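Worksheet: the structure to be examined is printed underneath.
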Amino acid sequence: MTTPPNLSHGRPYLAIPGPSVIPDPVLQAMHRAAPNIYDGELVDMMPGLTADLKRVARTQHHVAMYTGNGHAAWEAALANVIRPGDKVLVPATGRFGVGWGEMAKGIGAEVDLLDFGLHSPMDMDRISEVLKADKAHEIKAVLGVHVDTSTSIRNDIPALRAVIDAADHPALLMADCIASLGCDLFEMDDWGVDVMVTGCQKGLMVPPGMSFVFFNDKADAARASMPRVSWYWDWSPRAHAEEFFQYHGGTAPTHHLYGLRTALDMIHAEGIEAVWARHAVLARAIWAACEAWSEAGSFAMNVTDRAYRSNAVTSLRLEAPKATALRNWVEGQLGLTLGIGLGMAPPKDPAWHGFFRLGHMGHVNGQMIMGLLGGIEAGMRSLNIEHGPGALDAASAVIAEN
Ligand SMILES: *Cc1c(COP(=O)(O)O)cnc(C)c1O
C-alpha cells in the first residue's frame, strides 16, 4: 500500500494577518553585508524614506521611526501626549482596541472603554454622547483602531473625526492603522487624524521590527505641553533629525531600512490608489466565496455588513473544533497557513477552535487569493465540513469582472 502524496511541497503561502508575505525583492534588499551606519548610502537614504512613508500615510506632517513592533508604536504614541491621570476614550471593536486601551492604562491614563463587541463597528452616537458629556474636556485623546485585526471590522475614521468636531471637543484623534495602512483607503490629513501608528510587517511587507508614529502640529503642540516625555519614546528628535542616529535613538535597524526602501518603491511604482484598489477587488473575491460557503453548515463571516469589512483581513467562524482542523489540514496538506482566531474566545476555551482568519494584506495577487480559496474548499471537502456550493465560481466571477 502506498501513502498518498503530500501536496505541501512547493512555495508555502502564509495567509495570516501579519506578518504578511515578504516580497522577494524586499528579502533580496536585506541580504547584504552590514553597512556603515554613520556615513554613505544608509544615511543618504533617510530623507527619502521619511518622504515616501508620508506619501503612503497621505500626510504632509511628521513621522517618527522606532525599532519595535506595533506595540512599540502604541506606547510611543501615548508616551508623547498622555500623562498619568489623563483620560482617554477607547471605542473598541475587538482585541486590538482593548489592547491599546490596556497599554494606556499601563502608562497611568484613566481609560474610558466603550466596548462595541466583536461584530459591529463603533457606534458614533454613543461616542458622541460621551464626548458631549465631557464638558470639562478631561478626555485628552480618542484611540480608534481603523481595522481591528481580530474581528476584521473596519471603522469609519472620518465619522469618528466628525463626532469629535460636532461635540466641539479638543481631544486628539489617534488612529491605529497597523493592519490597514497600504491595504484599506486611509487619508491621514484629509480625515483630520492627529496621530497615526503603524508597523512594517503588514501592508508595508517588511519583516516585523520597525514601527512608525505619524503626527500633526496639533499633536506636536500637545507633546510640547508635556512636563516630561520618556527619552526613548520622544518623537521630537526622531521626526526632526539632523543626525542619523536621532532617527532611531540608537543603532539603526539597518537591514529593515533596506527592506523598507524596496517595499516603498514597490508601493509607489504600483501607486497607492492602485494598491488600495487591488486589495478591494481581492477582498470582494474572498467575500463572495465566504458568503457562498455560509449558505450551508456552520461557516459564517464575522462581519455581515460589507461596508464594515476590511480589505486586509477576514475573520471567520466554523463550529468548533472545525476551524482548527481546517487550518491544520491546509497547512499540512497544501502548505497554506491560515490565521488563528484572536480575541473571539481565550485559547484555552474549546470554542476557540471555531474561529480562524485570512490575511490578505500587502504582497498578494489574484492567483494567490484563488489558491487560498481553492485550498480552503479542498480542506472542507476532505474533512467533510458542510458548506454552501459555488464559492470558487463566485470568487472567479469577481476577478473576471474586474
Ligand atoms: C498587528 C496589530 C497590532 C500589534 O502589532 P504588533 O506588531 O504585533 O505589536 C496592533 N493593532 C493592530 C490593528 C494590528 O493589526
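All of the numbers you see were taken from the coordinates with simple rules; none came from a lab. Not measured: the values here are computed from a predicted model. Glycine gets a Cβ as well: all are built from the backbone with ideal geometry, and neighbour counts include every protein chain shown.
Details
- From Asp148, Asp123, residue being closer than 17 Å to Val98 by Cα and either crowded, with 24+ Cβ neighbours inside 10 Å or within 14 Å of the ligand (Cβ to nearest atom) (or both): Asp148
- Meets criteria (touching a residue at least 12 places away in the same chain (Cβ under 8 Å) and within 15 Å of the ligand (Cβ to nearest atom)) for Phe245: no
- Within the range 90-114, being within 19 Å of the chain's Cα centre (by Cα) and surrounded by fewer than 16 Cβ atoms within 10 Å (Cβ to Cβ) holds for one residue alone: Glu102.
- Set side by side, the residues Val206, Val163 differ, and just one is closer than 27 Å to Pro25 by Cα, aliphatic (A, V, I, L, M) and over 12 Å from the mean Cα position of the chain (by Cα), which is Val206.
- The residues listed here are Pro237, Pro227, Pro253; of these, the one that is out of contact with any Cys (no Cβ under 6 Å at 6 or more places or on another chain) and crowded, with 19+ Cβ neighbours inside 10 Å is Pro253.
- Residues that are in contact with an Asp or Glu (Cβ under 8 Å, 6 or more places away or on another chain) and touching a residue at least 60 places away in the same chain (Cβ under 8 Å) are absent from the range 349-356 altogether.
- Single condition Arg58 does not satisfy, out of (1) away from the ligand (no atom under 16 Å from the Cβ); (2) under 19 Å from the mean Cα position of the chain (by Cα); (3) crowded, with 20+ Cβ neighbours inside 10 Å: (3)
- Unmet requirement for Val195, which otherwise passes all of (1) within 30 Å of Pro35 (Cα to Cα); (2) crowded, with 24+ Cβ neighbours inside 10 Å; (3) within 15 Å of the ligand (Cβ to nearest atom): (1)
- Which listed residue, of Val206, Val229, is over 19 Å from Asp44 (Cα atoms), more than 16 Å from the ligand (Cβ to nearest atom) and β-branched (Val, Ile, Thr): Val229
- For the range 61-83, a residue qualifies if it is in contact with a strand residue (DSSP E or B) (Cβ under 9 Å, 6 or more places away or on another chain), away from the ligand (no atom under 11 Å from the Cβ) and not hydroxyl-bearing (Ser, Thr, Tyr), and the qualifying residues are His61, His62, Val63, Ala64, Met65, Ala76, Ala77, Leu78, Asn80, Val81, Ile82, Arg83.
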